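The values are calculated or read from the model by the stated rules, or taken from the named source; none is laboratory data. These numbers come from a predicted model, not from an experiment. Don't worry about glycine lacking a Cβ; one is built from the backbone with ideal geometry, like all the others, and counts go over all protein chains shown. For the accessible areas, the whole protein counts, side chains as well, though only heavy atoms, and no ligand, DNA or RNA atoms are used. Shrake-Rupley method; radii C 1.70, N 1.55, O 1.52, S 1.80 Å.
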Amino acid sequence: MISIGIITRGKYGLRLIENIRNHSEFKVSSLKLPEILPDFIEDPAEFVNGLDKTFFSNDLIITYIMHPDITPEIVRLSGQEGARAVIIAGGLGKAGGRNELLDLSRKYGIHIEINDICCDIGSSGNNAVKEFISIFGRPDIKVTTKDDLISNIEVIRGAPCGSTWHMAKNLIGSKIHDAPAKGGLLVQQYPCRAIRGTRSGIHKAAKLHKEAVEKALNEGV
C-alpha cells in the first residue's frame, strides 16, 4: 500500500485528502504552502529549504502548487528524498518548463505526471501512480439498470475531488436516455476546484464523466 503526500495550496488539495481517507486504505499526509505566492521567486531553493524533508519520502507526491519556480524544486526535493513519482495537478504552463522538469526526472530517477485536471489521470507506467489510479483519476463506473432507469452505480475509479461519487449517488433513478448529460451536469454543478476550461464546449471534468456514463451504459447492453 503506497504512501501519498499531498502539497496543498489554500483549498486546493483538501478534497483529495478527504477522499483518500474515505475511499482507500492509502496512507496520506499533507504539507501546506501559502495560498498567495509572489509571481516570481528569486531563490526557490531557499524558499523550500525550511520544509519538512521527511514528507518528500512518501511513495507518491501530489502537488497543487502550480508555480513555475516552486514546482521544479518540489520535484528535485522529492527525487532527493526517495519519492517514486510526482503528480502535478494543474497543467504544464503553471508548473515550470517541460525541459527543466524532464531533466530533473532523469537526474533523480523520479517519474513525473502532469495533468490539466485531477480527473484526467488515466494510465501510467509507474507503479506508484498505477496504484493511485486504481481508485482515483479518470472516472470509471459500472451502471445497473432496471425498467429503463438507473438502479445502481458502482464507482470503480473516481475523480480525486469526489465528484464521481457525488454524480453516482444523484444519478440513481434517472432515465437511461438522460443519464450521460445529467451526469455531466451534476459534475459541472459540483463545486469543482479544478482549473476551468472547456473541451468541445463543456467543462473538461463534466465531459469526462459524461463519457464514463456513456461507456458504462454501452458495456451493460
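What to note about this one:
- Condition check for SER151: free of Cβ contacts under 8 Å to residues at least 24 places away in the same chain and either within 22 Å of ARG98 (Cβ to Cβ) or assigned to a loop (DSSP other than H, G, I, E, B) (or both): no
- Count - residues of region 17-45 that are closer than 19 Å to SER57 by Cβ and either at pLDDT below 95 or open to solvent by less than 100 Å² (accessible area, probe 1.4 Å) (or both): 10
- Flag for ILE114 being of a type in the set (A, V, I, L, M), part of a strand (DSSP E or B), open to solvent by 50 Å² or more (accessible area, probe 1.4 Å) and more than 14 Å from VAL213 (Cβ to Cβ): yes
- Within region 154-170, the residues that satisfy the criterion of being surrounded by 22 or more Cβ atoms within 10 Å (Cβ to Cβ) and part of a helix (DSSP H, G or I) are SER163, THR164, MET167, ALA168.
- Tally, over region 84-95, of residues that are open to solvent by less than 10 Å² (accessible area, probe 1.4 Å), over 14 Å from the mean Cα position of the chain (by Cα) and modelled with pLDDT of 95 or more: 0
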